[in-house]
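Each remark here refers to the structure printed beneath this line.
The values are calculated or read from the model by the stated rules, or taken from the named source; none is laboratory data. Quick caveat, the model's predicted, so the values are computed rather than measured. All Cβ positions, glycine included, derive from the backbone under ideal geometry; neighbour counts span all protein chains shown.
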Amino acid sequence: MELTLYQIDTFASQVFAGNPAAICPLDAWLPDALMQSIAMENNQSETAFFVATEDDYDIRWFTPMCEVDLCGHATLASAYVLFQILRYAEDRILFQSRSGPLMVTRMADDWLSMDFPALPPRACKTPEALLQAFDAKPIACLQAMDYIVVFENECDIEDAIPDWALLEELEHRGVAITARSADYDFVTRFFAPKYGIDEDPVTGSAFTQLIPYWSSVLGKTDLIAKQISARGGEVQCRMLGERVEIAGQAVKYMHGNITVDAAAFQ
């Protein structure tokens, strides 16, 4: 069986920036073990697979180690493939996922806006492993899908060199560290070593938690953020009650074909 595979750099306007995702359009679902093996072979933080249905698309996401419930940048990349490469004609794409319906809308200047459920984080006691994992002391710790760890200064985010082994001990998916910024409303970085991702370049799903937090703190619904990883990425954010809008650009890096034996995974 031959499959088409794309690699898309998301939250970026040029290649070698933002967060790369592997995208594999399918006519029908492959065995789970095969999709996991493809994701492991791709060795990107996420590989997304999507299948057309009568009215919309079903989408699933895999890290190199496991399937996950939600991924922002690979959803953005999937929409880019549909809009820009497969010539999907409408201005909106509806993906059905394990996290419910996810809408992606085509905007001006090649921006794509994702409509995701908001996940407001709740204040919690800072786990001892988190306190020991960073040199700077956080001013707040919250939790939802991930730990959201707030620091006083932007330089605390830029200079952080976490202890990966300590972060791997934590119960949640990952850790987003964040602070106010001089040039943006806020900056962030994201770590998920227990999922095989020490640092994720730009983490769309983390913004489902960061947007409600910073919207409340700053008293505004429209925000501009930057994930300041080595590759970096800018994100336009909007708070919409129980939903959030997460917008970014994307660009194609690679288009290829892979050959697999699906029967071996039945």
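Things worth noting here:
- Residue check for ARG87: more than 19 Å from the chain's Cα centre (by Cα) and at pLDDT below 95: yes
- So ALA28, is it in a loop (DSSP other than H, G, I, E, B), outside the structural domain of PRO193 (by TED's automatic domain parsing) and without any contact (Cβ under 8 Å) to a residue 60 or more places away in the chain: yes
- Flag for GLU171 being outside any strand (DSSP E or B), surrounded by fewer than 18 Cβ atoms within 10 Å (Cβ to Cβ) and at pLDDT 95 or above: no
- In this entry, SER78 is excluded by the filter for residues that are surrounded by 13 or more Cβ atoms within 10 Å (Cβ to Cβ), among the small types (Gly, Ala, Ser) and at pLDDT below 95.
- Selected residue [within 27 Å of GLY232 (Cβ to Cβ), surrounded by fewer than 18 Cβ atoms within 10 Å (Cβ to Cβ) and of a type in the set (Val, Ile, Thr)] from ILE59, ILE85: ILE85
- Output for segment 151-168, where each listed residue is surrounded by 13 or more Cβ atoms within 10 Å (Cβ to Cβ) and assigned to a loop (DSSP other than H, G, I, E, B): PHE151, GLU152, ASN153, ALA160, PRO162, ASP163
- Test: residue in segment 132-150 that is free of Cβ contacts under 8 Å to residues at least 12 places away in the same chain, outside any loop (DSSP other than H, G, I, E, B) and more than 24 Å from CYS66 (Cα to Cα): no
- The condition (being closer than 18 Å to CYS71 by Cβ, among the aromatic types (Phe, Trp, Tyr) and assigned to a strand (DSSP E or B)) is satisfied by just one residue among PHE207, PHE190: PHE190.
- Boolean, LEU76 is assigned by TED's automatic domain parsing to the domain that holds PRO193 and among the hydrophobic types (A, V, I, L, M, F, W, C): no
- Single residue of ALA160, ALA179, ALA192, ALA225 found to be aliphatic (A, V, I, L, M), outside the structural domain of TYR6 (by TED's automatic domain parsing), within 13 Å of ASP146 (Cα to Cα) and in contact with an Asp or Glu (Cβ under 8 Å, 6 or more places away or on another chain): ALA192
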